[in-house]
Amino acid sequence: MQFEEMGNMSGKTLMLLPGTCCDWQTNFGTVIPFLSEKYHLICVNYDGFDGSDAIFPDMITVTEKIEKYILEKHDGRIDGAIGSSLGSSFVGQLIMRKKIHMDHGIFGSPDLDQSGKVSAKLQSMLVVPLLTSFTKGEKKRNKTKEKLKSIFLMDDDAAEKFVNCFSKFSPESIKNEYYTDLLTHLEDDIQVEHTKAHFIYANKMGEKYLKRYKKYFHDPDIREFNMQHEQWLFGGAEFAAPVLKAIDEFMEMPV
């Protein structure tokens, strides 16, 4: 595991938790210059995605390591955490488990998929080989980059960095991350005193995800944006600016 702290060290603490098959450098690289002006950032790379030889074990083991770090380095309390996609599953677990405290849990347009073992295994057998095949051959690599640029309006540099994630990390780590995320369930109607759940809802994902946010968390603060899944992280200032403004508003809310 890798924890790197940076930014405005006198500002509020904000933990950044990347999504599937990503490190924080790729996932949050475009917005860190803006976030670091105001916040004391705690950037996390999970086992298997931290440049070491470790393999991602499972979601709960990694959650426990995050909790241990917060307990030891920040006296068990941070002001906020933002999860990108799968990273939001960690935000949810950190809130639900109550081993540490955060004032603001920010969910970056997650799908929050949950399933049983059989379904999770079948999905992993289908999806993981697809993810790891994106960079097999120059033709397929270029096709993947063009699709990312078309859907998310990424520039060449962002698309190149994102595609690299599919080839630089171990397929076993990708499989374990994807599979155990499906098996790591959230309770319904989670409510923790002095903690507020905030959701960045990318409406182009579809309303079924909006229903999940309301199912798992009690009275969540949901902000709707006309964009694709996590487009604010890769699609340029047009998408990033309003979301960054919302994050500032989240972090200033009383809890």
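The values are calculated or read from the model by the stated rules, or taken from the named source; none is laboratory data. What you are looking at is a predicted structure, and each value in this text was computed from that prediction instead of being measured. So basically every Cβ, Gly included, is an ideal-geometry build from the backbone, and we count neighbours across all protein chains shown.
The table that follows gives values for the structure above.
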read-out	value
Contacts under 6 angstrom Cβ, first residue in the range 98-110 being charged (D, E, K, R), partner surrounded by fewer than 24 Cβ atoms within 10 Å (Cβ to Cβ), 6 or more apart	Lys99/Glu67; Asp103/Asp79; Asp103/Val255
Selection within the range 61-78 - of a type in the set (Ser, Thr, Tyr) and in contact (Cβ under 8 Å) with a residue 24 or more places away in the chain	Thr63, Tyr69
The range 1-59, residues that are basic (Lys, Arg) and either outside any loop (DSSP other than H, G, I, E, B) or over 19 Å from Phe250 (Cα atoms) (or both)	Lys38
Residue in the range 119-129 that is closer than 26 Å to Glu67 by Cβ and among the hydrophobic types (A, V, I, L, M, F, W, C) present	yes
The range 92-111, residues that are at pLDDT 95 or above, over 13 Å from Ile42 (Cβ atoms) and not in a strand (DSSP E or B)	Gly92, Gln93, Ile95, Met96, Arg97, Lys98, Lys99
Enumerated helices (runs of 4 or more DSSP H) restricted to the range 172-255, each holding at least 2 residues that are closer than 23 Å to Gly29 by Cα	231-234, 237-252
Unique match (being modelled with pLDDT under 80 and either more than 17 Å from the chain's Cα centre (by Cα) or of a type in the set (D, E, K, R) (or both)) among Lys117, Lys136	Lys136
Selection within the range 149-192 - more than 17 Å from Thr20 (Cβ to Cβ) and of a type in the set (Ser, Thr, Tyr)	Ser150
Enumeration of residues in the range 128-171 that are among the hydrophobic types (A, V, I, L, M, F, W, C) and assigned to a loop (DSSP other than H, G, I, E, B)	Phe134, Leu153, Met154, Phe169
Meets criteria (crowded, with 22+ Cβ neighbours inside 10 Å and assigned to a helix (DSSP H, G or I)) for Ser89	yes
Per-region count, the range 117-158, residues surrounded by 14 or more Cβ atoms within 10 Å (Cβ to Cβ), touching a Leu at 6+ places or on another chain (Cβ under 7 Å) and more than 17 Å from Gly236 (Cβ to Cβ)	2
Selection count, the range 38-54, where residues are surrounded by fewer than 17 Cβ atoms within 10 Å (Cβ to Cβ) and either under 22 Å from Asp113 (Cβ atoms) or not charged (D, E, K, R) (or both)	3
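So that you can scan it fast, the table gives a plain yes or no per residue for (1) small (Gly, Ala, Ser); (2) in contact with a helix residue (DSSP H, G or I) (Cβ under 9 Å, 6 or more places away or on another chain):
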{"residue": "Arg141", "(1), (2)": "no, yes"}
{"residue": "Ile151", "(1), (2)": "no, yes"}
{"residue": "Met154", "(1), (2)": "no, yes"}
{"residue": "Asn164", "(1), (2)": "no, yes"}
{"residue": "Ser173", "(1), (2)": "yes, no"}
{"residue": "His185", "(1), (2)": "no, no"}
